[in-house]
Amino acid sequence: IDIYSLHVDCKVTSRFAHTVITSRIVNRANESQEATFEVELPKTAFITNFSMSIDGKVYPGIIKEKAAAQKEYDTAVSHGQSAGLVKIRDRKLEVFHVSVSIAAASKASFELSYEELLRRQLGKYELLLKVRPQQLVKHFQIDVHIFEPQGIRLLETDSTFMTNELTEALTKVQNETKAHILFKPTVDQQKVNPELDETLLNGDFIVRYDVKREATAGDIQIVNGYFVHYFAPSEMPVFPKNIIFVIDRSGSMAGRKIEQTRDALLKILQDLRPEDHFSFITFSNKVAEWKSSLLPATEENVASAAAFVQTLSARGGTDIRGALLRAVRALDTAQSLPERSVSMVILLTDGQPTSGETNVEVIQDNIQKAINGKYALFCLGFGFDVSYKFLEKMALSNGGIARRIYEKADAALQLQGFYQEVATPILMKIEMQYPENAIEGLTKNNFTLLFEGSEIVVSGKISNDLDLLPVEIKAQSHTSDLTLKEAANVKEKEQVFQDKKYIFGNFIERLWAYLTIQQLLEKAISAPEEDQKALEAQALELSLQYSFVTPLTSMVVTKPSDQQQGELANKPTEAG
């Protein structure tokens, strides 16, 4: 099977990325062969379309409600055919994989589309494209167009496989608001060496960028009656943090995991700011506090903490509830913390609760009552023995987020990377206010914390003939209470995108749907059961309307009738 053409086309318009991957193949053998199409895509993306064309006949993918699609294909599975075309590959990626039989001398093409909103992290947006053709490809290209009306402030490409020869195949063209990146290596440039038919193209191709920001109240963009509002203030003073690290040292953490945890904590200690206060609680079946209160991050205290971290060893059970309640109590009773400061608990565990209270629902309930909205709880699950669902629900119910730390060589870097994201809170209690009677379907508009280098995104539908869209942002900074106001001229804003030919027209509406679905699914995780159903029903309706493969829908991949029945592409989730 010869892949003679592989194109990756990506259009990013105002952070919303639409990627189409097209692979054309020919079977040069004199008998039929199995052809495989495999694409690695970001977990944060939703697949929107897939089709195959074999000898000129098109076989489209059809997006249906997951439950209905499963039922339809139960029969196929019972006949021994594989189910599930999408699997989680690693920390950032999932993989879409489909195989089909191609007759001798026949041609086929595959086309997969997906969409995602690029999230700003540590001051940059990242577009990650995975390149792994596993053979030399005559016509290979990656074509990325970016349009950012605010202006492009910084643009860089990065790759894990670049050589000097391959760099010659890369061109970047950039003006004030647009960038075009083209990577088009010839077959000779793709070779590991001239004698061998082995390809260099194996790994990540990454585009990172950031936009210019002038208006203090953020930037509003409007297309076809839908708006998106981006807010990322710069040069804000950083809040002092009061942070308690709750570290699992039960038996299962022994060896590599506790070593990587020690490495990460030593680096994190160096990153604490002098005005921060901190402490450690470690737990197995017993809960132990490093010190009886939070200490300021002076050089001396940090050195003493580092010495303590070096001694961490692992044995015993897992009393998650006891450890978290102790952390909350320490924050509740802490003396002399800075007046305006942000308090947080970071839990790192690799297992299920086995000591003390072991019923996860009771633990969730106890912790939520104890925290009572005062502090943010971040839960890091190390490896695959944790109940990620439990950690995710607990974090989302308490103003934080959950992350899985993958048991890889870079686990210490993953832990540090997470800490860096939450290390610099610049605003708290942020309210994004819009005229109530003029906006429908507003996405989440109240946020507990905003960290430096990230961005708040709010979207909605402007319901009546507004000429001006006024916005008001209220928030607390370290030094004062802020009120920021802005009014966007609807007609002027609509004009910005009118004359851009290569942009998919309803992109803000699709961005709105993408964001709404993600937030409904997230809300459902920590909602009571009766609300959960309603939230999921709403998310399902939007997933079908905008044809997104989400955890509630499936894409039925149809195949030629002489081959096995269609297969299902489902969206995997971290919680499994």
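Points worth noting:
- Of all residues making up the stretch 520-551, the number that are touching a strand residue (DSSP E or B) at 6+ places or on another chain (Cβ under 7 Å) and part of a loop (DSSP other than H, G, I, E, B): 3
- Residues located in the stretch 375-387, provided they are open to solvent by 10 Å² or more (accessible area, probe 1.4 Å) and at pLDDT below 95: Phe384, Asp385, Val386, Ser387
- One residue stands out in the stretch 155-185 among those that are in a strand (DSSP E or B) and small (Gly, Ala, Ser): the one that is farthest from Leu6 (Cα to Cα), namely Ala179.
- Answer from Gln352, Gln335 - the residue that is open to solvent by 60 Å² or more (accessible area, probe 1.4 Å), among the polar types (S, T, N, Q), in contact with a helix residue (DSSP H, G or I) (Cβ under 9 Å, 6 or more places away or on another chain) and modelled with pLDDT under 95: Gln352
- Long-range neighbours under 8 Å by Cβ, at least six apart or interchain, first residue open to solvent by less than 80 Å² (accessible area, probe 1.4 Å) within the stretch 186-197, second hydroxyl-bearing (Ser, Thr, Tyr) and not in a helix (DSSP H, G or I): Gln190/Thr199; Lys191/Thr199; Val192/Thr199
- Residue among Leu201, Leu269, Leu182 that alone is in contact (Cβ under 8 Å) with a residue 12 or more places away in the chain, open to solvent by less than 50 Å² (accessible area, probe 1.4 Å) and out of contact with any helix residue (DSSP H, G or I) (no Cβ under 9 Å at 6 or more places or on another chain): Leu182
- Taken over the stretch 214-239, residues that are part of a loop (DSSP other than H, G, I, E, B), over 23 Å from the mean Cα position of the chain (by Cα) and either among the basic types (Lys, Arg) or surrounded by 21 or more Cβ atoms within 10 Å (Cβ to Cβ) (or both) amount to 1.
- Filter pass, Phe239 being under 28 Å from Val457 (Cβ atoms) and of a type in the set (Phe, Trp, Tyr): yes
- Strands (runs of 3 or more DSSP E) enclosed by the stretch 244-357 - at least 3 residues per element that are more than 30 Å from the chain's Cα centre (by Cα): 287-289
- Pairing residues of the stretch 126-146 that are modelled with pLDDT under 95 with residues that are open to solvent by less than 20 Å² (accessible area, probe 1.4 Å) and of a type in the set (D, E, K, R), at Cβ distances under 8 Å and at least 6 apart in sequence or on separate chains, gives Lys130/Glu40; Arg132/Glu40.
- Residues in the stretch 381-410 that are more than 19 Å from Ala575 (Cα to Cα) and of a type in the set (Gly, Ala, Ser): 1 in all.
- Looking only at the stretch 64-85, and only at residues there that are open to solvent by 40 Å² or more (accessible area, probe 1.4 Å) and closer than 19 Å to Ser543 by Cβ, the one that is modelled with the lowest pLDDT: Glu72
- If only residues of the stretch 419-448 that are touching a residue at least 60 places away in the same chain (Cβ under 8 Å) and of a type in the set (S, T, N, Q) are counted, the one that is nearest to Thr261 (Cα to Cα) is Gln420.
- Residue in the stretch 293-307 that is closer than 26 Å to Gln352 by Cβ, β-branched (Val, Ile, Thr) and either at pLDDT 95 or above or out of contact with any helix residue (DSSP H, G or I) (no Cβ under 8 Å at 6 or more places or on another chain) (or both) present: no
- In the stretch 445-489, residue farthest from Thr516 (Cα to Cα) [restricted to those that are open to solvent by less than 20 Å² (accessible area, probe 1.4 Å) and hydroxyl-bearing (Ser, Thr, Tyr)]: Ser477
- Residue match in the stretch 311-328 (condition: over 19 Å from Ile363 (Cβ atoms), acidic (Asp, Glu) and in the same structural domain as Ala370 (by the TED database)): no
- Tally, over the stretch 41-63, of residues that are within 22 Å of Ile88 (Cβ to Cβ), in a strand (DSSP E or B) and open to solvent by 40 Å² or more (accessible area, probe 1.4 Å): 1
- Long-range neighbours under 6 Å by Cβ, at least six apart or interchain, first residue in the same structural domain as Glu407 (by the TED database) and over 24 Å from Leu331 (Cβ atoms) within the stretch 244-261, second part of a helix (DSSP H, G or I) and open to solvent by less than 30 Å² (accessible area, probe 1.4 Å): Gln260/Ala411; Gln260/Ala412
- Taken over the stretch 110-148, the residue count meeting the criterion of being within 18 Å of the chain's Cα centre (by Cα) and in a loop (DSSP other than H, G, I, E, B) is 5.
The values are calculated or read from the model by the stated rules, or taken from the named source; none is laboratory data. Predicted, not measured: the structure shown is a model, and the values here were computed from it. Backbone-built Cβ (ideal geometry, glycine too); neighbour counts: all protein chains shown. For the accessible areas, the whole protein counts, side chains as well, though only heavy atoms, and no ligand, DNA or RNA atoms are used. Shrake-Rupley method; radii C 1.70, N 1.55, O 1.52, S 1.80 Å.
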